[in-house]
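Below is one structure, written out as structure tokens, with a few remarks after it.
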Amino acid sequence: GYFYSRWNKCIHSSHDHSDIVFIDNYIFNKDVFIQFNSTVGEFVGYTELGVFNARKWNSDSGILQSERAEVERYCKHNAEAYQTVVADKS
């Protein structure tokens with residue numbers, strides 16, 4: 001059989017969340033074949049299919065804008081909520 005998954009994560013180390021990085025991985029059979037990293041600002045392909053999709057997705061400003069917005073929408077929002085609920089109380 002085949003295994004496909006997608007996972008994303010936010011990484012930061014500063015208290016003010018100024019260094020947040022959003023990473024979105026597309027995985028096939030346990031190998032990342034394409035990745036979006038907010039530091040790079042675009043998709044990077046690691047296989048033939050990944051390179052093909054990266055080229056296609058990087059040329060679509062809507063897809064890129066949506067991925068780039070995840071730092072604010074997803075990462076900072078959740079980091080601030082976590083900070084308020086968990087970290088500030090310990």
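The values are calculated or read from the model by the stated rules, or taken from the named source; none is laboratory data. Everything numeric here is computed off the predicted structure, so don't read it as measured data. Don't worry about glycine lacking a Cβ; one is built from the backbone with ideal geometry, like all the others, and counts go over all protein chains shown. To get the accessible areas, we keep the full protein, side chains included, count just its heavy atoms, and leave off ligands, DNA and RNA. Shrake-Rupley method; radii C 1.70, N 1.55, O 1.52, S 1.80 Å.
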### Task
Mind listing whichever residues of segment 69-90 are closer than 16 Å to residue 9 by Cβ and in contact (Cβ under 8 Å) with a residue 12 or more places away in the chain?
70, 71, 74, 75, 76, 78, 79
### Query
What number of residues in segment 56-68 are over 11 Å from residue 23 (Cα atoms) and not in a loop (DSSP other than H, G, I, E, B)?
9
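Kindly check whether there is at least one residue in segment 27-49 that is touching a residue at least 40 places away in the same chain (Cβ under 8 Å), crowded, with 16+ Cβ neighbours inside 10 Å and among the aliphatic types (A, V, I, L, M). Steps first, answer last, please.
So in segment 27-49, the residues touching a residue at least 40 places away in the same chain (Cβ under 8 Å) come out as none.
No; the residues of segment 27-49 include none that is touching a residue at least 40 places away in the same chain (Cβ under 8 Å), crowded, with 16+ Cβ neighbours inside 10 Å and among the aliphatic types (A, V, I, L, M).
Suppose the filter is on the phi < 0 side of the Ramachandran plot, assigned to a helix (DSSP H, G or I) and in contact (Cβ under 8 Å) with a residue 60 or more places away in the chain; does residue 53 pass it?
no
Taking residue 82, is it under 13 Å from the mean Cα position of the chain (by Cα), aromatic (Phe, Trp, Tyr) and farther than 28 Å from residue 2 by Cα? Give the derivation first.
Values: under 13 Å from the mean Cα position of the chain (by Cα): no; aromatic (Phe, Trp, Tyr): yes; farther than 28 Å from residue 2 by Cα: yes.
Against the criterion (under 13 Å from the mean Cα position of the chain (by Cα), aromatic (Phe, Trp, Tyr) and farther than 28 Å from residue 2 by Cα), residue 82 does not qualify.
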#### Entry: Those residues of segment 6-24 which are assigned to a strand (DSSP E or B) and open to solvent by less than 90 Å² (accessible area, probe 1.4 Å), in sequence order
8, 9, 10, 11, 21, 22, 23, 24
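Report yes if residue 81 is among the aliphatic types (A, V, I, L, M) and surrounded by 14 or more Cβ atoms within 10 Å (Cβ to Cβ), otherwise no.
Numbers: among the aliphatic types (A, V, I, L, M): yes; surrounded by 14 or more Cβ atoms within 10 Å (Cβ to Cβ): no.
Against the criterion (among the aliphatic types (A, V, I, L, M) and surrounded by 14 or more Cβ atoms within 10 Å (Cβ to Cβ)), residue 81 does not qualify.
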